[in-house]
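Just below is one structure, and these are the notes that go with it.
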């Protein structure tokens, strides 16, 4: 079956530091890959996505590249802000079967001023 | 504004009671989903519906039931058979089921069993 593995948190960084959150996946075929962000007490918001190998998704300074050879979709940001503090979820959606999202366990990011 | 609404935001249930969580969308999406989130964990799929009057079990459907009588609405009932219902429940919708389509999430309902 499908699965997503994320690095465990919390990740604690100082403002303006570089961020990497690792995500690897196992899936049949060629899934679409997503990063969602969840702020305290809220639902999930789409941060970025990529639908085929070598695609780069980007939004609000965050980037992630779909690497089929390493089955990875690592999230990066060059300079984090306090307002980026949240929980980040990596997810995949396959193109066969039930087609629902499979989520990683989430990584909490804490950015200190 | 288009979006997904969930109500109530907070819900308290006594043991042995059934409760229904509301989910409404005005995005004209065909597919809708219910997920459960427990502290420190990812989301797990309870039920999903690809079209009106049809729905499928997800990974943790036991103790839950749904209906899809209207395109806009996908209510979730947590029955007394659900042994540990305290969790954060999230509803989502997408234009079609799976593939490249983005799922959009509601703000969630936090259910607590007293």
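Over the residues of the stretch B:51-105, compute the C-alpha Rg and express it relative to 2.2 N^0.38 Å.
In units of the globular-protein estimate, the stretch B:51-105 measures up at 1.24.
When the convex hull of the C-alpha atoms of chain B is computed, what volume per residue in Å³ does it have?
99 Å³
May I ask you to derive the FRET efficiency for residue B:9 and residue A:53 from their Cβ-Cβ distance with R0 = 35 Å, giving the value to the nearest 0.05? Don't skip to the end; give the middle numbers.
Working: r = 40 Å, r/R0 = 1.15.
Computed FRET efficiency for residue B:9 and residue A:53 comes out at 0.30.
Please compute, for peptide A:36-47, the average count of beta-carbon atoms on other protein chains lying within 10 Å of each residue's beta-carbon.
Mean shielding count: 4.
Please report the orientation-averaged projected area of chain A, defined via the convex hull of its C-alpha atoms, in nm². It would help to have the intermediate numbers written out before the result.
Details: hull surface 26.8 nm².
Over every viewing direction, the Cα hull of chain A projects on average to 6.7 nm².
Residue by residue through A:100-108, how many Cβ atoms from other chains fall within 10 Å of the Cβ on average?
Taking the mean over all residues of the peptide, I get 6.
Normalized C-alpha radius of gyration of the protein assembly as shown, against 2.2 N^0.38 Å?
Details: Rg = 17.5 Å, N = 227, 2.2 N^0.38 = 17.3 Å.
That works out to 1.01 for the protein assembly as shown.
Just so you know, all these numbers are worked out from the coordinates, no wet-lab data involved. The structure presented is a predicted model; accordingly, all values stated were derived computationally and were not measured. With ideal geometry, Cβ positions are generated from the backbone for all residues, glycine too; neighbour counts draw on all protein chains shown.
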